[in-house]
1. Report, in degrees rounded to the nearest 10, the 0 to 90 angle that the Cα long axis of helix A:141-150 makes with the longest principal axis of chain A.
2. Counting partner chain Cβ atoms within 10 Å of every residue's Cβ in B:249-261, what's the average?
3. Tell me, A:Phe207, C:Phe26, A:Phe224 in order of fewest to most beta-carbon neighbours within 10 Å?
4. If you take the Cα Rg of segment C:2-108 and divide it by 2.2 N^0.38 Å, with N the number of residues, what do you get?
5. Please report the antiparallel percentage of the DSSP beta bridges confined to chain A, to the nearest 5.
6. Over segment B:65-107, what is the relative contact order in percent, taking alpha-carbon pairs closer than 8 angstrom and at least six residues apart?
7. With +1 on the Cβ of every Lys and Arg and -1 on the Cβ of every Asp and Glu, and nothing else charged, how large is the dipole of the protein assembly as shown about its Cα centre, in debye rounded to the nearest 20?
8. Which of the aspartates and glutamates could a cross-linker bridge to B:Lys285, judged by Cα under 12 Å and excluding same-chain residues fewer than eight apart?
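Just so you know, all these numbers are worked out from the coordinates, no wet-lab data involved. Quantities reported herein were computed from a predicted structural model and do not represent experimental measurements. Here the Cβ positions follow ideal geometry from the backbone for every residue, glycine too, while neighbour counts run over all protein chains shown.
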Amino acid sequence: MKIAVLSGKGGTGKTTISASLAYSLRNSQYVDCDVEEPNGNIFLKASLTEREVVTVLNPVVNDDLCTGCGACQQACQFNAIVVINKKVMIFDNICHSCGACKIACPTGAISEVPREIGVIESNSSNTFMQGKLNLNEPLTVPVILQLKRKMNKHGNVIIDSAPGASCTVVSTIEDSDYCVLVTEPTPFGLHDLKIAIDLVKQLKLPFGVVINKAMDSDKSIQSFCKKENIDVLMELPYSKEIAQNYSKGILPVQYSKHYKDEFIKLLATIKERII
Amino acid sequence: MKQFVFISGKGGTGKSTVVASLAKYVSNKALADADVDAPNLHILLEHEVVEKTPFQGAKIAKIDQSKCIHCHKGYEVCRFDAISKDDVINPLKCEGCGACLLVCPVNAITLHEELTGHVYQSNLNGEHFTHALLAIGAEGSGKLVTEVKKKVKELINKEDYLLVDGSPGIGCVVIASITGADACVIVTEATKSGLSDLKRVQQVADHFGIKTLVCINKYDLNNDVTKRIEEYCKSQNVAIIGKIPFEPLIMKALQQLKTPMEDDRLEHIKNEIISLWDNLIKETK
Amino acid sequence: MKIAITSTGTDIKSLLEKKFGRAEFFIIADTESNEYKVIDNKAAMEAGGAGIQAGQTIINESAIALITGNVGPNALRVLTSGDVAIYRGQSVSIEENITLYKKGELQQINTAGEAHFGMK
């Protein structure tokens with residue numbers, strides 16, 4: 001089964017939940033798709049020995065064939081091409097690698113070459129994998145798509161998604177078997193949870209909610225979920241102990257048997273929901 | 001008029017709580033929520049929406065099914081997996097590159113401006129407050145941020161301050177929120193990830209020549225990390241203008257839709273916020 | 001000779017704008033006649049590549065120099081290929097920046113600031 005963990009708002013504990021799930025599930029593969037800020041390995045401490053670069057295709061112009069007509073500039077929706085004094089200038093760092101310029105060129109002067117934009121790192125046993133976007137690169141989706149191609153096809157996979165509801169998140173979660181939405185019991189948490197719910201509903205994915213930092217003083221998430229008939233899968237209490245360990249890079253399942261049992265229970269619940 | 005932008009690098013550090021608290025304390029100001037992916041200020045601050053404007057920030061392709069001859073050329077050429085085998089476009093995946101319409105033999109495909117969100121202009125006890133919400137799966141949040149800030153600037157008249165709740169992260173959205181700021185305050189937390197994200201976002205602000213100041217939230221969570229944040233700030237010549245302790249009651253106040261400024265149990269936090277503001281004014285004189 | 005200055009407002013009393021690609025206005029001034037005109041920077045609202053488009057606008061206006069705060073590498077490439085000299089303006093009005101330029105007191109920029117890769 002493929003479980004994606006996401007949250008509308010950042011800082012709700014998405015990585016805590018996903019890394020704890022991976023830690024509690026034997027032979028599972030943890031895939032960090034938060035490629036701008038992958039930090040699952042702060043907790044899982046895998047030794048990243050394998051490395052594969054992620055490339056995209058960027059256009060290059062053959063000056064012998066180019067007439068400077070400007071069709072490529074016109075075709076490019078991203079302003080990545082300008083033609084000045086009949087000379088084509090291409091800006092790789094805002095190119096979306098869509099290939100429109102190559103299609104538009106009437107003289108066949110444009111070809112495409114690969115360019116590195118990020119890297120996929122994993123450990124030798126392939127139980128941990130993370131994508132990392134190079135600094136100053138705008139396109140996260142190619143890194144995510146490559147991660148997903150390398151992901152275990154069978155067996156259990158836990159996916160840590162980027163926060164929010166952007167196209168990056170869509171690519172990350174779209175073919176998972178189940179989505180875990182992590183939130184916290186504040187009006188902010190509830191508001192952003194609704195955004196995440198809208199997204200998974202649009203994608204028609206089965207999902208449930210994990211309430212992190214749960215407190216008795218606020219049951220707004222619980223009552224919202226009850227009203228909307230949404231599963232609350234688990235509540236992880238608000239605790240200074242968890243926060244302190246988090247600040248040092250230690251997961252609740254790594255220091256407490258109680259929490260380890262809780263996460264094993266959570267996995268069982270998810271399994272039931274998928275079948 | 002001075003413009004202060006609050007950013008965080010990492011999400012969930014308490015940035016919006018700090019801004020909402022200042023919104024209750026500082027007078028003669030305008031307010032903008034530039035965290036368009038997950039805007040939160042409007043939840044805490046009682047306001048009245050005066051105007052809601054749709055915002056078109058991206059283009060997507062549309063197929064006129066009555067013209068489509070199902071040659072699948074668009075499907076073949078699309079590199080974003082946004083056209084299905086039966087020639088339907090998935091708006092969540094379309095990047096609006098236009099490659100498909102270049103190959104369509106019957107001109108069945110066109111690019112359309114897409115609604116990517118809404119901009120709100122609100123009245124906050126007689127003061128201007130602009131905010132926005134990005135549509136699900138939409139692109140172009142950087143542009144929406146620019147629009148929110150543009151709108152509030154059009155309205156500003158004699159205000160002394162513009163407070164902006166910026167976006168988390170380090171990317172283009174953050175750059176859009178900090179441009180034009182007199183200072184940006186990085187609200188970080190005393191955790192491993194908080195420190196690494198602080199460094200990256202500080203470099204971004206530095207590059208744009210914007211003065212940065214730091215507020216450490218939950219500073220007593222991990223004294224070792226706090227010390228490292230302080231050392232880093234010192235090495236960068238960045239002043240730390242506030243240190244807020246780990247305080248579960250803040251969450252309880254938020255749950256009752258109150259900022260720490262309105263909760264009697266949080267007098268000590270309130271004092272921290274006030275001193276943060278005083279330091280901010282001092283540092284930007 | 002025409003020069004371009006990034007501006008926060010629509011007249012020469014306005015302050016210099018430090019951004020280039022996403023500056024709201026460009027003021028195109030004639031250094032001999034002292035006449036000037038204001039143009040809206042349409043690139044300011046582009047999703048990406050604002051610096052590139054803005055660079056092309058400056059070239060199309062036949063400016064020989066640009067006074068601004070920071071230019072990214074993309075804008076620098078465009079401006080250089082169009083033979084536009086770039087000067088780092090000061091945080092004073094457009095008018096004062098023009099005077100400083102004429103006196104040769106502005107520093108020329110030959111290297112780009114870090115790119116900020118457009119807006120997603």
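1. 60 degrees
2. Whole-number average of other-chain Cβ neighbours for B:249-261 is 3.
3. Numbers: A:Phe207 22, C:Phe26 25, A:Phe224 17.
Result, fewest neighbours first: A:Phe224, A:Phe207, C:Phe26.
4. 0.93
5. Rounded to the nearest five, the antiparallel share is 45 percent.
6. On the way: 47 pairs, mean separation 17.6, N = 43.
Contact order relative to length: 41 percent.
7. On the way: 75 positive and 80 negative charges, 197 e Å.
That gives the protein assembly as shown a dipole magnitude of about 940 debye.
8. Straight-line reach from B:Lys285, under 12 Å: B:Asp182.
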